[in-house]
Structure formats: structure tokens, C-alpha cells
Amino acid sequence: MALYLLRRLMQSGFVLVAMSLLVFLGVYAVGDPIEILISPDADQIEKERAIRALGLDLPLWQQYLVFVGKALQGDLGRSFVFNEPAIQLILQRMPATLELAFGSMFLSILIGLPLGLYAGLRPNRALSKGIMAGSILGFSLPTFWVGLMLIMVFAVQLGWLPSTGRGDTALLFGIPWSFLTLDGLSHILLPAINLSLFKISLVIRLTRAGVRETMLMDYVKFARAKGLSPFRVTFVHVFKNIMIPVVTVVGLELGGTIAFSVVTESVFAWPGMGKLIIDSINVLDRPVIVAYLMMIVLMFIIINLAVDILYTVLDPRVRLEAKA
Amino acid sequence: MRLVLAAFGLALSLAGAQAQTLTMAVGAPVTSLDPHFHQLSPNNAAAGMIFGKLVEDDANGVLRPGLALSWSAVAPDTWEFRLRPGVRFHNGNAFTADDVAFTFARIPQVPNSPSSFAGFVRPIIRIEVVDPLTIRFITNGPYPLLPMDLSNLYILDRETHANATTEQFNSGAMAIGTGPFRLVRHANGDRIELERNDGYHGEAPAFARVVYRMITNDSARMAALLAGDVDVIDQVPTADLARLRSDARVSLSEIMGLRIIFLGLDHGRTDASPFITDNEGRPIARNPLKDVRVRRALSMAIDRNAITSRVMEGSATPAGQYLPPGTFAYVPDLAAQPHDPEGARRLLAEAGFPQGFRITLHGPNDRYPNDSRIIQAIGQMWTRVGIRTTVEAQTWSTFIGRAARAEFSSFLVGWGNNPDGSHPLRNLIACPSPERGWGNSNRGRYCNEALDQGLMAAMRELDNGARAAQLIALQRLALEDLAIIPLHNQTNIWASRRGFTVTPRVDELSMAQSVRPAAGR
């Protein structure tokens with residue numbers, strides 16, 4: 001186990017370096033940050049000064065080496081636009097994104113699992129067919145459009161919920177969270193639903209497929225023959241076995257949601273990391289882009305590791321071994 | 001009559017009582033509260049609520065006394081400013097001439113600034129504090145634009161802000177000015193919360209509290225207004241204009257803005273221009289755009305009224321020159337080029353291109369309202385007179401770098417003017433010259449030495465009448481020569497809920513002091 005973890009960490013280090021190099025080259029290829037940031041009526045003296053101030057006067061490879069040198073000391077650079085450490089900017093916005101991502105994951109499990117179970121256990125009922133048809137909608141409707149529709153219906157027409165933004169926050173562990181206040185909850189509901197629609201559909205379909213497959217297994221038949229209650233058969237024997245694909249997919253989806261909930265965050269003006277990264281890309285704020293993507297890579301590595309460890313808990317046959 | 005007035009007054013005070021808090025949403029994010037860190041419109045708007053300037057510019061861009069009561073050139077190279085007595089910063093410190101000297105010394109020193117305000121203080125070679133309420137700026141030769149330049153600079157306090165860092169401004173600790181509002185809270189990229197500064201020397205703001213939110217997505221900003229979550233929004237999407245005009249819950253405040261949308265042309269190459277070929281796709285040995293008849297034909301082929309009325313939904317005015325009416329050195333009798341496809345074809349034939357040629361028109365697709373649709377429309381109009389046009393729109397971050405390197409043959413871009421005729425000439429039209437500091441946004445590399453000489457004289461002319469006459473003549477020269485092709489001036493539009501009224505500004509800045517409770521209801 002220890003060896004396995006060590007090996008994974010070393011692989012991760014390599015991925016991080018490759019990532020930073022790619023992003024550096026990528027931003028360089030897109031355009032010149034100075035042309036975007038500088039006031040159009042600034043003269044050449046001012047332009048030269050800005051280029052030096054942001055360290056863009058060095059050749060690209062030297063810029064990269066400077067970045068690596070500082071990164072090794074834990075400094076991922078300062079944002080060109082905000083003049084604050086990139087990592088600090090990202091961390092400031094992380095709680096908003098995390099609570100949105102976890103909120104949507106919570107909703108997707110809370111809604112998706114029971115519906116999927118029902119559809120799997122009673123596949124021929126009209127309700128099951130309705131659920132499956134609905135899940136196709138959840139897959140195919142664009143998030144952007146659904147978000148706007150949610151706003152138009154629940155905020156503009158009905159006026160039940162606020163249209164955009166993050167509500168009041170309360171401190172927990174010194175970090176402001178909005179799910180702890182009523183106002184905050186009313187703000188998070190619409191974006192969380194919007195973000196969870198796709199995942200609800202995914203969980204429904206995975207659960208249903210798993211249930212249908214497992215119900216035909218010998219051990220389920222045996223359990224029923226033994227006279228166990230349907231409740232126990234469903235929630236102990238079947239449930240545990242369908243969870244592996246669900247956990248894998250939800251885990252990866254969680255990573256994706258944290259990293260790239262850009263569309264929902266901008267439609268709902270949610271002050272999270274997704275908005276930060278899209279704004280940063282628009283102005284080629286390289287330190288923030290690099291720091292953000294490196295952090296996301298790190299997060300995926302950790303999530304994958306957590307998923308692997310969860311497997312061993314769910315399925316005793318799985319062992320984590322150094323040979324991968 | 002008296003009864004009506006009394007009822008009117010009552011309604012006013014009621015509206016005032018209801019509307020103690022103003023929530024407004026803006027489309028462009030404020031990135032820093034350090035007023036000298038990044039010269040950027042959204043940052044300037046935020047600074048304009050918290051800090052004060054020696055010279056203020058009103059909604060129409062006209063200079064007004066701010067922290068300075070009056071100013072005059074006491075010698076050809078010396079401007080004297082008399083300061084407003086009794087002004088205090090939000091923390092109670094008194095404002096004096098020494099704070100101005102401190103501020104101007106800080107401006108070029110802000111670390112890591114991606115676009116500083118240093119250019120505005122560079123003409124000043126020496127500052128003399130005559131007494132606490134009088135200050136003199138000695139400039140490098142006569143410099144008529146100093147008062148206008150100073151209307152960009154926010155004044156800080158020496159005692160408070162010595163060694164203040166950009167981060168301290170952003171966190172709110174150092175966001176202390178003389179402006180109409182004081183900072184309550186700043187959540188970077190999300191919102192700024194302000195409260196009224198009761199000690200403000202100018203007209204008191206109408207609202208005790210302001211929540212200034214940043215909602216960059218157009219549809220979300222619009223929805224927030226319709227849902228009643230915010231009272232005022234800026235940058236109203238043109239697609240929504242028709243619906244909003246007929247919506248009784250919403251009113252629009254509009255003004256013709258200082259921003260000009262224009263086409264830049266490749267003047268730099270006399271031989272082949274990179275995106276121009278003949279009709280068979282072979283390069284043309286000489287650059288057709290060097291011929292003024294071709295440039296005029298391109299301008300005549302454009303139906304500006306169609307663009308402003310249909311593509312822009314009426315939120316733009318066809319432009320015949322760089323600045324809108326009411327600015328300094330506006331050319332009085334110069335209307336927009338009328339649509340004349342026949343004339344365009346004739347000129348092309350005269351210039352030796354009876355069959356036209358092929359060109360690629362470049363432009364951004366995420367910068368100006370409807371930018372990519374405008375170049376598509378122009379592409380069709382040019383094609384109709386025989387210049388077969390390919391249109392290529394790309395994201396701003398890619399586009400602007402290529403435009404700055406003069407990679408294009410023709411391109412659409414915008415320019416946010418200062419309300420002075422010299423501003424577009426110096427930046428867009430003058431020969432690119434590091435020594436003079438001109439032509440920095442001259443992406444077509446137009447260069448006319450006679451024009452530059454005239455501009456140099458105008459920039460030393462302290463007599464406003466003479467300077468205006470010189471600048472009008474120079475603008476005529478550049479417009480006759482079609483250095484760039486003006487298309488339209490954008491209209492700046494704010495939308496507000498019933499009960500609020502916005503004084504629209506020509507410079508696009510969205511500030512809480514521009515909003516008042518609507519009279520009546």
C-alpha cells in the first residue's frame with residue numbers, strides 16, 4: 001500500500017510538470033498579455049515598463065525557469081490583473097465552488113439513486129419509463145439554456161428564488177460558507193439544480209443498469225430463495241454491488257464539476273473558481289491559468305486515489321498493489 | 001400649483017425613504033481598488049466612487065472643478081491649481097497640496113502594474129507646493145492637455161497611503177479617499193459594498209448604501225434586473241433593447257458615447273498586403289489600400305445606416321469623424337459618408353481595379369457589441385461592389401496581438417476617446433514613434449509627417465480657440481485621406497427598474513452617484 005502510494009505520487013509530480021509546461025506554451029501561443037492588459041493610449045515607454053514589470057521581457061524558457069524556481073518554494077506567481085498571489089486568489093474562491101459542486105453531487109445522489117433503483121426494480125411500469133425518458137432530457141439539454149430557463153421561471157416569473165449571486169455566508173472553520181444560512185441556501189438552490197441535472201441522469205441510468213444486471217445474479221436468486229426480505233435483498237445485496245460504477249463516475253464527475261463548472265457559474269454569477277479561470281483566460285492572466293490548472297490536476301489525482309481506496313472498501317476482492 | 005409641488009415633494013421623499021439601498025450590476029469586473037494599479041474603465045469607475053480627482057469630468061465629459069477649484073496656465077510651461085479648502089479623507093485626514101505631490105510621485109512607482117497612469121504625469125517635470133491650497137506643475141514646454149490628463153488621476157493621502165500596497169487597497173484597508181462613497185466590503189470579482197460619505201464636498205449621493213455587483217454574463221445581468229434583484233444594469237445587450245423599450249417596469253438611459261468603431265487599413269506595406277489577392281487568388285504586387293480612391297471606395301460601399309439600425313438595433317450613430325458632437329475640436333459640418341455603391345465601383349475602376357480584388361476583413365467576436373456581425377455585414381457590402389471579402393472573426397485575446405503586429409490588411413476595432421480632438425489623432429493616426437509617444441494604437445501604420453508636424457504645434461498651443469482650429473484642420477486632413485474608416489459611435493445604455501433614474505455618461509463608466517430615485521412614482 002505504501003509503495004503504491006509513493007508510486008502514484010511520483011507519477012503525479014511528472015504530470016504536474018508536463019501540465020505547467022503545456023500551459024506556458026499554450027498561453028504564449030494564444031496571444032500577448034500586454035496587448036490586452038495595457039491601456040490603448042499608453043505610450044511605448046509605458047509599454048516597455050509593463051513588459052518588464054510582468055517579467056515578459058525574458059525569453060520564454062527563462063520565464064519558465066523563473067516560474068519553476070519560485071514554484072519549488074511554493075510561490076506560483078502573482079496574477080497580472082489582480083496583483084495578488086495566484087494561489088491566494090484561487091483559494092479565496094474555492095469555498096464557493098466546492099459548496100456548489102458538493103451541493104449538486106448531493107442532489108444527484110439524493111434524486112438519482114432512488115429513481116434509478118425504482119426504474120431498475122420495476123422496469124415495465126409507466127413511471128419507470130417516464131423516469132428514463134426524463135433522464136434523456138437531463139443529458140441532452142444544454143446547461144446554459146437550462147440555467148437561463150430556471151432563472152426565468154423561478155426568479156423572474158415566480159419570484160421565489162434570487163436570480164444570481166451568492167447569498168449571506170456564515171463562518172465554519174474560518175471559511176465563509178453560504179449553505180449555513182437560509183439566504184445562502186436560497187441562492188445556491190438554482191445553480192446546484194442546474195449543475196446536477198446531468199449528474200442525476202447519469203446516476204439514474206447507471207443505477208438502473210446495475211440493478212437490472214444484478215437482479216439476475218445467482219447470489220440474488222439464492223438470497224431470495226433463502227427467504228430474505230425484499231428490502232434486505234435490495235438494500236444490502238444488490239445495492240452494495242451496484243455502487244462501484246456509481247462511485248467511480250460520481251467521483252470523476254465531482255472533479256469535473258469543481259474544475260469546470262464555468263458555464264453554471266457565469267450564468268448564475270456565482271463567484272467561484274470557474275468564473276475566475278474564464279476571466280483569466282480572456283485576459284491571458286498566465287500565472288492564474290497555470291496555478292489553477294496545476295491545482296486541478298492535483299485534485300484529479302487525489303480524487304482518483306480516493307476512488308481507488310473506496311473500491312477496496314466496497315469490494316474486498318480489490319487490492320491496491322504496487323504493480324499497476 | 002403649490003399642492004402639486006407638495007405632492008411631488010412627498011413622492012420624492014417617499015421614494016427616497018424606500019430606496020436607501022441601491023443595488024447595481026455591471027458587466028465588466030473591477031480587478032483592483034488601487035486607483036493607480038491598472039488603467040481600465042471598470043477600475044476607474046470603482047475608483048471614481050471612492051476617490052476624488054483634482055479635475056472631475058461630468059456625464060458629458062466636460063471638465064469640472066473637483067479637488068481643485070480652479071486652474072490656469074500662469075506661464076507657458078506652468079499650470080497653477082487652487083485647491084478646495086476643508087476637504088477631508090474618509091479617515092478624517094485633511095487634504096492638502098502635499099497629498100497631490102505625494103500622489104503624483106506614487107503613480108509611476110506602483111509595482112507590477114500591467115498598465116499604469118505614469119504617462120499622465122510624465123509631462124510634469126517639477127511640482128511646486130506654493131501653499132497648502134496652491135500647487136504648480138512645471139511642464140516640459142507648454143502643455144494644454146494637463147487639466148484633462150489630471151481628470152484621470154485619483155488623489156491619495158500622504159499620511160495614510162505612504163507604502164500602501166495594491167493588496168491593501170484590494171482588501172479594503174487602504175481604500176480611503178475623498179469620494180462620495182466609502183468602502184464597506186470588497187469581494188474580489190463579485191461585489192463592492194459602499195456607504196455614503198456624509199462629509200463629501202460635492203452633491204450628496206442619493207443612496208445611503210450601495211451594492212455594486214459584477215455580473216459578466218449578459219443574460220444573467222438582464223435576468224437579475226427583471227427579477228428585481230438589482231435596480232440598475234449597464235451594457236444592456238442590443239438584442240433585448242426592443243423588448244425593454246416597451247416594458248413599463250424598466251426604463252433606459254442612453255447617450256451617444258465617446259467610443260468610435262472603425263476599420264483599420266494596411267498603410268504600412270507598399271508591396272503585397274498579406275490578406276489581399278486578385279480575383280484568381282494570386283497576390284497583388286502593390287497594396288491597393290495605398291490608393292486613397294480605393295480607401296474611399298471601401299468607405300462608400302458601407303451602408304452605415306443599415307448597420308446601426310439593424311445590426312446594432314439603433315444603439316449606434318453613423319460616424320463621419322472620430323469624436324461625437326460636443327467634444328473639443330468636433331468638426332462642425334462633417335456628416336457620415338453616405339452609402340454610394342455606384343460611386344464606389346467608379347472609384348475602384350479609376351484606381352485600376354474595375355474587377356475589384358479579394359480581401360480578408362478581420363475583427364474580434366467578443367469585444368464590442370455585435371462585432372462579428374458588423375464585419376459580416378461589411379463583408380457583404382464590399383462584395384457587392386466587387387471586392388470579394390472573406391470575414392474572419394476571432395477572440396479578442398488572439399486578435400489584438402496580431403493587430404498590434406500589423407498582420408492584417410483590414411480589421412475592425414474600437415477606440416474609447418477622451419473628449420479632445422487630439423486624442424484619436426495622437427493614438428490612432430500619428431506615425432508610430434517612441435520618441436513622441438504617439439501612434440501606439442496605429443495598427444494600420446498610417447504615417448503622414450505633415451499631420452504630425454501640425455499635431456506637434458497644436459499640442460503646444462495654450463489658446464483654446466487656436467488649438468481647436470488647428471485640430472479641426474488636422475482631423476479634416478486625416479478624414480479626407482481615410483487614415484481609418486469611421487463606422488459608428490456606440491450609444492451607452494443603462495437599464496433601471498421603475499423608481500430609479502440613471503444619468504448616462506459618455507465615457508461608459510457606471511458609478512453609483514449617477515443613479516437617483518426617479519421623480520414622481
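The values are calculated or read from the model by the stated rules, or taken from the named source; none is laboratory data. Predicted, not measured: the structure shown is a model, and the values here were computed from it. FYI the Cβ positions are ideal-geometry reconstructions off the backbone, even for glycines, and counts take in every protein chain you see. These area figures cover heavy atoms from the full protein model, side chains too; ligands, DNA and RNA do not enter into them. Shrake-Rupley method; radii C 1.70, N 1.55, O 1.52, S 1.80 Å.
Residue under question is A:F179, and the condition is that it be away from chain B (no Cβ under 11 Å) and either open to solvent by less than 60 Å² (accessible area, probe 1.4 Å) or touching a residue at least 60 places away in the same chain (Cβ under 8 Å) (or both); does it hold?
Against the criterion (away from chain B (no Cβ under 11 Å) and either open to solvent by less than 60 Å² (accessible area, probe 1.4 Å) or touching a residue at least 60 places away in the same chain (Cβ under 8 Å) (or both)), A:F179 qualifies.
Within segment A:31-50, which residues are in contact (Cβ under 8 Å) with a residue 60 or more places away in the chain and over 17 Å from A:A291 (Cβ atoms)?
Across segment A:31-50, the qualifying residues are A:G31, A:D32, A:I36, A:L37.
Residues of segment A:142-173 being aliphatic (A, V, I, L, M) and either open to solvent by less than 70 Å² (accessible area, probe 1.4 Å) or at pLDDT below 85 (or both), which ones?
A:V146, A:L148, A:L150, A:I151, A:M152, A:V153, A:A155, A:V156, A:L161, A:A170, A:L171, A:L172 - these are the residues of segment A:142-173 that are aliphatic (A, V, I, L, M) and either open to solvent by less than 70 Å² (accessible area, probe 1.4 Å) or at pLDDT below 85 (or both).
Among the residues of segment A:184-195, is any touching an Asp or Glu at 6+ places or on another chain (Cβ under 8 Å), open to solvent by less than 30 Å² (accessible area, probe 1.4 Å), β-branched (V, I, T) and assigned to a loop (DSSP other than H, G, I, E, B)?
Looking for residues that are touching an Asp or Glu at 6+ places or on another chain (Cβ under 8 Å), open to solvent by less than 30 Å² (accessible area, probe 1.4 Å), β-branched (V, I, T) and assigned to a loop (DSSP other than H, G, I, E, B), one finds none in segment A:184-195, hence no.
Cβ-Cβ below 6 Å, separation at least six or inter-chain, first residue in segment B:43-60 and on the phi < 0 side of the Ramachandran plot and among the β-branched types (V, I, T), second part of a helix (DSSP H, G or I) and surrounded by 22 or more Cβ atoms within 10 Å (Cβ to Cβ): which pairs?
What qualifies is B:V55/B:L150.
Would you point out which residue out of B:W79, B:W71 is open to solvent by less than 30 Å² (accessible area, probe 1.4 Å) and either more than 14 Å from chain A (Cβ to nearest Cβ) or not aromatic (F, W, Y) (or both)?
Answer to the selection: B:W79.
Looking for something assigned to a loop (DSSP other than H, G, I, E, B) and within 12 Å of chain A (Cβ to nearest Cβ) - is there at least one such residue anywhere in segment B:256-264?
no
For segment A:134-159, give me the residue count where each residue is assigned to a loop (DSSP other than H, G, I, E, B) and more than 10 Å from every other protein chain (Cβ to nearest Cβ).
Selection size over segment A:134-159: 2.
Just to confirm my filter: which helices (runs of 4 or more DSSP H) fall fully inside segment B:139-212 and include at least 2 residues that are crowded, with 21+ Cβ neighbours inside 10 Å and within 14 Å of chain A (Cβ to nearest Cβ)?
Those helices (runs of 4 or more DSSP H) span B:166-171.
If I ask for residues that are open to solvent by less than 20 Å² (accessible area, probe 1.4 Å) and assigned to a helix (DSSP H, G or I), which ones from segment B:227-242 would you list?
B:T238, B:L241
What number of residues within segment B:327-365 are of a type outside the set (V, I, T), outside any loop (DSSP other than H, G, I, E, B) and open to solvent by less than 70 Å² (accessible area, probe 1.4 Å)?
Count: 11.
Taking the condition of being touching a Leu at 6+ places or on another chain (Cβ under 7 Å) and open to solvent by 30 Å² or more (accessible area, probe 1.4 Å), how many residues in segment A:24-46 meet it?
The qualifying residues number 2.
Looking only at segment B:350-404, which residues are away from chain A (no Cβ under 14 Å), of a type outside the set (D, E, K, R), within 17 Å of B:G264 (Cα to Cα) and out of contact with any helix residue (DSSP H, G or I) (no Cβ under 6 Å at 6 or more places or on another chain)?
B:I359, B:T360, B:S372, B:I375, B:Q376, B:I378, B:G379, B:M381, B:W382, B:I387, B:T390
Which pairs have Cβ atoms under 7 Å, sit 6 or more apart or on different chains, and link a residue in segment B:64-84 that is more than 17 Å from B:D98 (Cβ to Cβ) to one that is small (G, A, S)?
Sorted first by the residue in segment B:64-84, then by its partner, the pairs are B:G66/B:G52; B:D77/B:G141; B:W79/B:A73.
Just give me the residues in segment B:377-404 being in a loop (DSSP other than H, G, I, E, B) and open to solvent by 30 Å² or more (accessible area, probe 1.4 Å), in sequence order.
B:T395
Would you pick out the residues in segment B:405-422 that are outside any strand (DSSP E or B), within 14 Å of chain A (Cβ to nearest Cβ) and over 28 Å from B:L145 (Cα atoms)?
Listed by number, the residues that qualify are B:R405, B:A406, B:E407, B:F408.
Can you find even one residue in segment B:135-145 that is out of contact with any Asp or Glu (no Cβ under 9 Å at 6 or more places or on another chain), of a type outside the set (G, A, S) and at pLDDT 90 or above?
no
Restricted to segment B:116-130, and to residues that are in a strand (DSSP E or B) and under 20 Å from B:H161 (Cα atoms), which residue is nearest to the other protein chains (Cβ to nearest Cβ)?
B:I127
Could you list, in sequence order, all residues of segment B:406-453 that are surrounded by fewer than 22 Cβ atoms within 10 Å (Cβ to Cβ), at pLDDT 90 or above and among the basic types (K, R)?
B:R445
May I ask you to list the residues in segment B:483-498 that are in contact with an Asp or Glu (Cβ under 9 Å, 6 or more places away or on another chain) and of a type outside the set (G, A, S)?
Listed by number, the residues that qualify are B:Q490, B:T491, B:N492, B:I493, B:W494, B:R497.
Is it the case, given these coordinates, that B:Q109 is surrounded by fewer than 20 Cβ atoms within 10 Å (Cβ to Cβ) and within 14 Å of another protein chain (Cβ to nearest Cβ)?
Yes, satisfied.
Do any helices (runs of 4 or more DSSP H) lying entirely in segment A:12-129 carry at least 1 residues that are within 12 Å of chain B (Cβ to nearest Cβ) and in contact with a Gly (Cβ under 6 Å, 6 or more places away or on another chain), and which ones are they?
In segment A:12-129, A:33-37, A:44-53, A:86-121 are the helices (runs of 4 or more DSSP H) which contain 1 or more residues that are within 12 Å of chain B (Cβ to nearest Cβ) and in contact with a Gly (Cβ under 6 Å, 6 or more places away or on another chain).
Please indicate, with yes or no, whether at least one residue in segment B:85-102 is surrounded by 20 or more Cβ atoms within 10 Å (Cβ to Cβ), closer than 23 Å to B:P419 by Cβ and not charged (D, E, K, R).
No.
Would you check if A:R208 is open to solvent by 30 Å² or more (accessible area, probe 1.4 Å) and either within 14 Å of chain B (Cβ to nearest Cβ) or in contact (Cβ under 8 Å) with a residue 12 or more places away in the chain (or both)?
yes
Pairs please, first residue from segment B:213-239 and facing another protein chain (nearest Cβ under 7 Å), second anywhere and in a loop (DSSP other than H, G, I, E, B) and of a type in the set (F, W, Y), Cβ atoms under 8 Å, 6+ apart in sequence or on different chains.
Pairs that qualify, where the first residue is facing another protein chain (nearest Cβ under 7 Å) and the partner is in a loop (DSSP other than H, G, I, E, B) and of a type in the set (F, W, Y), are B:A220/A:F268.
Quick check: anything in segment B:28-43 β-branched (V, I, T), within 14 Å of chain A (Cβ to nearest Cβ) and crowded, with 22+ Cβ neighbours inside 10 Å?
Yes.
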